[in-house]
1. Only counting other Cβ atoms within 10 Å, I'd like A:Thr237, A:Thr251 sorted with the fewest neighbours first.
2. Return one number: the angle in degrees, 0 to 90 and rounded to the nearest 10, between the long axis of the Cα atoms of helix B:112-134 and the longest principal axis of the Cα atoms of chain B.
3. Any chance you could give the angle, 0 to 90 degrees and rounded to 10, that helix B:90-106 forms with the longest Cα principal axis of chain B?
4. Kindly write out, for segment A:85-99 in residue order, the coupling ³J(HN,Hα) from the Karplus curve 6.51 cos²θ - 1.76 cosθ + 1.60 (θ = phi - 60°), rounded to whole Hz, with x marking Gly and Pro.
5. On average, how many beta carbons from a partner chain sit within 10 Å of the beta carbon of a residue in A:49-56?
6. Which one of B:Gly65, B:Gly26, B:Gly54 has the biggest mean-square fluctuation once chain B is modelled by GNM with Cα springs under 10 Å?
7. Go ahead and set up a Gaussian network model of chain B, Cα springs under 10 Å, then flag whichever of B:Ala79, B:Ala127, B:Ala16 fluctuates most.
8. Peptides A:6-18, A:34-46: what's the order by average Cβ count within 10 Å, highest mean first?
Amino acid sequence: MASLKDLRARIGSVKSTRKITSAMKMVAAAKLRRAETRAAAARPYADAMRRMLAEVARSVAGEGGQPALLTGTGQDKVHLLVPMSSDRGLAGAFNSNINRTTRNLVLKLQAEGKTVKILPVGRKTYDFLSRDFSDLIIDHRHLAAGKEIPFSAAAELGEQISSLLEKGEFDVCTLVYNQFRNVMTQTPTEMQLIPLALPDNDNADGAQVAAYEFEPDEGTLLSSLLPRNLQVQIYATMLETAAGENGARMTAMDNATRNAGKAIDRLTLKYNRTRQTNITNELIEIISGAQAV
Amino acid sequence: MSIKVKIVSPEKVLFAHDADMAVMPGAEGDIAAMPDHAPLMLTLRGGVVDIYEGDVVTHRFFVAGGFADIAPSHCTILADRATKLEDLSVDDAEARLAGLEKSYEEADKMNVPALDILMGKMQSARAEIEAAQSAIPGMSL
């Protein structure tokens, strides 16, 4: 049976753990709010980009010689996977979901006889994948060097992927990331970047759709829109990852704080019982001692 | 009669307001978006976007290339990077230009697409220096 001193020490240590987890929860909540604002601020650009791209792609549809960023290389042999995780842990199952999804995808593609290359983004997924698939990893980068994710981070990654495609290093590129549904739920999602899955033209006012002119011609415009679109999509997933990481951490730390509270209650009860037993024992000893005299 | 002008960068919306005219630097020459303009999509070079209300320029932005979507009732400018003219810094732009010129010297002269991209960036940096200088107080628009 634990001594009173041991119990006191354990209660103390659980209490300080609770302080840490509840502080982490507060910090994650504040960061989440900021990350959500940034994700919302980036949306108008992505929407407008999608609209333009759909419009241009529609007008060149059916013509030959389209850029590889849109149609791919026409083959399906080499797959490039870009899993995206956070740089730090203690965020519940946030990163392990990505890791598991990626691993299953790699094994599935390999079973189909495809060559797989991996370009992990975020320290957590790199650490995990370099254990099992270190020979498949061609490069890796962190999600964010500083606090906020600059657009240039997404631009660099986009340029790297475009130049790999130009060199014929892969045929299909898929991004694995956590889709931010709400603070509680992030779903691991596979998104195919190349060949591009074109969005349906959701332009509401059909009257003006037909009459667009392009300057310079459609082909040139398309080939400068596509790399940009790639970067914008990557940027959007990066922001979603940042928001999701903080959401997942907030939920995880909230649970941890609650569990710590329960543990403290349990330990305190045990402590009091032990104390009472000790007193009762001492009383019995005194009384039986007095009777014996 | 006015059009809805919107200037967005990948990070945020910089400007969203009604205006009478927006003059932007198209890749093949400056172009003005006005009410009832024929629908047009174009690429932009580095340069200054002027927003007009009546005959007066109310807002000026520097954009470092991008795209524009002009329609009869609205005009959306997707800028790679956009800054208010008064927030530009000549020194920053000059440093960037020097860096670009250096990488242009070192670049493989046979790789034409890469050179084109560098040329575009250098043009944008030069335009930025010019725009930043024109925004220094005391100089007229």
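Please treat every number below as a calculation from the coordinates, not as lab data. Predicted, not measured: the structure shown is a model, and the values here were computed from it. Methodologically, a virtual Cβ is constructed for each residue, glycine included, from the backbone with ideal geometry; neighbour enumeration extends over all protein chains shown.
1. A:Thr251, A:Thr237
2. Roughly 60 degrees, rounded to the nearest 10.
3. 50 degrees
4. Each residue of segment A:85-99 in turn: 10, 8, 8, 10, x, 6, 10, x, 8, 3, 7, 5, 4, 4, 4 Hz.
5. Mean shielding by partner chains, rounded to a whole number: 3.
6. In this elastic network of chain B, the residue with the biggest mean-square fluctuation among B:Gly65, B:Gly26, B:Gly54 is B:Gly54.
7. For chain B, modelled as a Gaussian network with Cα springs under 10 Å, the answer is B:Ala16.
8. Per-residue Cβ counts within 10 Å, averaged per peptide and sorted highest first, yield A:34-46, A:6-18.
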